[in-house]
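Read the figures in this text as sums done on the coordinates, not as results from a lab. Quick caveat: nothing in here was measured; it's all calculated off a predicted structure. Cβ atoms come from the backbone with ideal geometry, glycine included; neighbour counts cover every protein chain shown.
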Amino acid sequence: MCPAINPDANPWRVPISTSVAGSKRLTVFVPALNEEENIRATIADVAGVAGKLFDQFEILIFNDASTDGTAKIVDELARADARIRVIHNPVRQGLAVNFHRAIAMAQFEYITIVPGDGAFRIDGLETLYGAVGRAEMALSYRTNMWETRSWIRYVISRSLTHVVNLLFGLKLKDVHSLAVFPTGPLKAMKLISTNAGFFVEILVKLVRLPQTYVVVPMALTPETHVLGRSLLEFHRGADMFRVLLHLRYPAYPKTRG
């Protein structure tokens, strides 16, 4: 089994910088794998919305061993804007491992994920970011998944949400949509997932702390990837099963946090 991510031993870990009372500051994690056609527009949308709704923000772009022109483009974006930092992975690490690293690197008190493929509409980002501060975290649910994604992705997503709610007595509308999380608790949290289960693990553990939350709607842009990505997510189910088992029975696995 993959080892837990221990925040105390993380070489990328940095403390949250001191904020002015009442200010809102956001770290945006942007994973990018072969996104040369989408990454400029995605970063422009993120920077535009975050710039309007937050006092400060930073964007951490993780180029996950892209083989197209993504690396060159994100380097250009970083040179043009000091708020953008780029991490180039020589070999693919995957979304979960990269997000663990982003948590450790985050300087601000809120953190979120925005896919580099521009999967969410800009008006949804405005709604989600505008909800920050109304509770300790802002969650969302996808309003048009049936119309914009393959049937198998829809079925897997809806089924997972129902399973999580049933297992843990929750009433979440969507366990795989975008969210804005408090960074501090995540930096202190020990996580076991290194694959598809990471978002569910984080979400359930934060709700259990407990952290208060608000829920807002978000719309997806049309799918730009083939069905294979959905099937790949399905085959990563072993990690999801391990996470659900760990959340249901915290003593499993015995050596994990």
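When each of Met189, Met218 is scored by the number of other beta-carbon atoms lying within 10 Å, the sequence from fewest to most is Met189, Met218.
Kindly identify region 10-248 as rounded, prolate or oblate by the Cα gyration tensor criterion: order the square roots of the eigenvalues as a ≥ b ≥ c, call it rounded if a/c is under 1.5, otherwise compare a/b with b/c, prolate if a/b is larger, else oblate.
It is rounded, given that a/c, with a ≥ b ≥ c, falls under 1.5.
With a/c under 1.5 counting as rounded, go ahead and sort region 78-159 into rounded, prolate or oblate using the C-alpha gyration tensor (a ≥ b ≥ c being the square roots of the eigenvalues; past the cut-off, prolate if a/b is larger than b/c, else oblate). Oblate, since a/c reaches 1.5 and b/c is not below a/b.
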